[in-house]
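S.K.: The structure that follows is given in the form of structure tokens.
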Amino acid sequence: MITGAAGFIGSALVRHLIQRTSHEVLAFDKLTYAGNLSSLVSAAASNRYSFVQADICDAEAVSRALADFEPQVVAHLAAESHVDRSIDGPAVFVQTNLIGTFVMLNEALDYWRDLNDADKATFRFHHISTDEVFGSLGEEGFFTETTPYDPRSPYSASKAGSDHLVRAWGHTYGLPVLVTNCSNNYGPYHFPEKLIPLIIIRALNGEPLPVYGDGSNVRDWLFVEDHAAALQEVFENGAPGQTYNVGGNAERKNIEVVRAICAILDRLRPRTDGKPYADQITHVADRPGHDHRYAIDASKIRTELGWTPSVTFEEGIARTVEWYLSNEGWWRDILAQRNATERLGNG
Ligand code: NAD
């Protein structure tokens, strides 16, 4: 059972499990502005796929889905996920990320307690979280699984709180929980408000390419399909109660990411005036409280579970740009319904 299954990472996990494994999948999603059934079309053709539209804050709906589907694994990805939105409207972040995770845990615990001993032993509640809970790094160092929490945006604070709830349900009630904290994802089906799709789409539209501040903020980028493979590895083979950091070993400054996208577009879809897309780059006011650098030490998942990213940033970003060029229908439909490329979170 995958919550947030119609989102960016949830849909990648659903497609991965349907295409590459024999798992049956229940996709559970409220379909907020961020949820898109169009990201699940290929998976929906499978008879191992089913979908429920419901809210993780609705205990009855969660309980019914657990009772009907009888999952061996709950992969909990449903969340409000956009930092800029959390600056403008933190309430829904507290509601979904904290209260929603509490409801998921409570209902999962009731369900788990009623399982027979064999199913109880193999059940996993896997909570998918972010490296942003660890705060911001200077030029040196990496986040490990034991880095103290220091969240600094309403988004990361709500995710940090949800991580604590999950571990508490593990310690206090014995629910077999797993937590993964992952770095920034990118790839196909990424909602147009996030940096990488935003830059591709605005570049193609001939619009200015906004870079926050001087563009020196560093993120560790992971191709979303590699994240999906990591999640499968963790819920199948991770030890209950454990946390695993997941990262791409691909630290890039934001300005480097934007320049890389421009260079790929120059090659694949040159501007009609022959000028480089980089001419469209403009620096805009920085995000309030913008964390300087995130970087993941992913050695635990590598040594204990044998997972490593399969693509480099250069391969992944080229595949991503190519995907947006050949799937204009997917993102143009979203843009037609929602103004997803406007600037949010000025504080
Ligand atoms: P997303 O915003 O693309 O998708 C979130 C999904 O959750 C949407 O389909 C939405 O409809 C659904 N949802 C929201 N509120 C809901 C509710 N109350 N009930 C049911 N469904 C609801 O997010 P994403 O980028 O795919 O992130 C998924 C998870 O991974 C989140 O928990 C996020 O914190 C975490 N994460 C994301 C990144 C990243 O780079 N995107 C990195 C690390 C961790």
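S.K.: Find the relative contact order for the range 247-315 and round it to a whole percent, using C-alpha pairs within less than 8 Å whose residues are 6+ positions apart. Before the final figure, lay out each step's value.
M.R.: On the way: 30 pairs, mean separation 32.6, N = 69.
47 percent.
S.K.: If you restrict to DSSP beta bridges whose two residues both lie in the chain, what percentage is antiparallel, to the nearest 5?
M.R.: On the way: 4 of 35 bridges.
Antiparallel bridges make up about 10 percent of those DSSP assigns within the chain.
S.K.: Let me ask you something else. Hey, what angle do you get for helix 313-326 against the long axis of the chain, alpha-carbon based, 0 to 90 degrees rounded to 10?
M.R.: With rounding to tens, the tilt is 80 degrees.
S.K.: So, with a 1.4 angstrom probe, what is the percent of accessible area on the range 1-159 that is carbon and sulfur? Write out the running numbers ahead of the final one.
M.R.: Details: 3350 of 6760 Å².
Carbon and sulfur together cover 50 percent of it.
S.K.: In whole Hz and in residue order, list the ³J(HN,Hα) couplings for the range 77-86 that follow from phi through the Karplus curve 6.51 cos²θ - 1.76 cosθ + 1.60, θ = phi - 60°; x for Gly and Pro.
M.R.: 10, 4, 6, 7, 10, 9, 3, 4, 5, 5
S.K.: Write down the accessible area per residue of the chain in Å², having rolled a 1.4 Å probe over the full set of protein chains.
M.R.: Numbers: 14210 Å² over 347 residues.
Solvent-accessible surface per residue comes out at 41 Å².
S.K.: Can you report the principal axis dimensions of the range 207-294 using only the alpha carbons, biggest first, rounded to whole angstrom?
M.R.: Reported extents, whole Å, longest axis first: 56, 33, 18.
S.K.: Would you mind checking 30/120; 30/253; 30/300; 30/159 for any pair whose Cα atoms are more than 25 angstrom apart? All intermediate terms of the calculation are to be shown ahead of the outcome.
M.R.: Numbers: 30/120 28 Å; 30/253 34 Å; 30/300 33 Å; 30/159 18 Å.
Listed pairs above 25 Å: 30/120; 30/253; 30/300.
S.K.: Mind checking the angle between helix 328-337 and the chain's longest principal axis? C-alpha axes, 0 to 90 degrees, to the nearest 10.
M.R.: Between the helix axis and the principal axis of the chain, the angle is about 80 degrees.
S.K.: Separation of the range 177-218 and the range 296-331 by C-alpha centroid, Å?
M.R.: 13
S.K.: Now for a separate question. Would you work out the relative contact order for the chain, in percent, from Cα pairs under 8 angstrom that are 6 or more residues apart? Let's see the in-between values first.
M.R.: Working: 647 pairs, mean separation 64.7, N = 347.
Relative contact order for the chain comes out at 19 percent.
S.K.: Give the average over all directions of the projected area of the C-alpha convex hull of the chain, one decimal, in nm². Write out the running numbers ahead of the final one.
M.R.: Numbers: hull surface 65.9 nm².
So the mean shadow area of the Cα hull is 16.5 nm².
The values are calculated or read from the model by the stated rules, or taken from the named source; none is laboratory data. This is a predicted model, so every value here is computed, not measured. Accessible surface areas use protein heavy atoms only, side chains included; no ligands, DNA or RNA. Shrake-Rupley method; radii C 1.70, N 1.55, O 1.52, S 1.80 Å.
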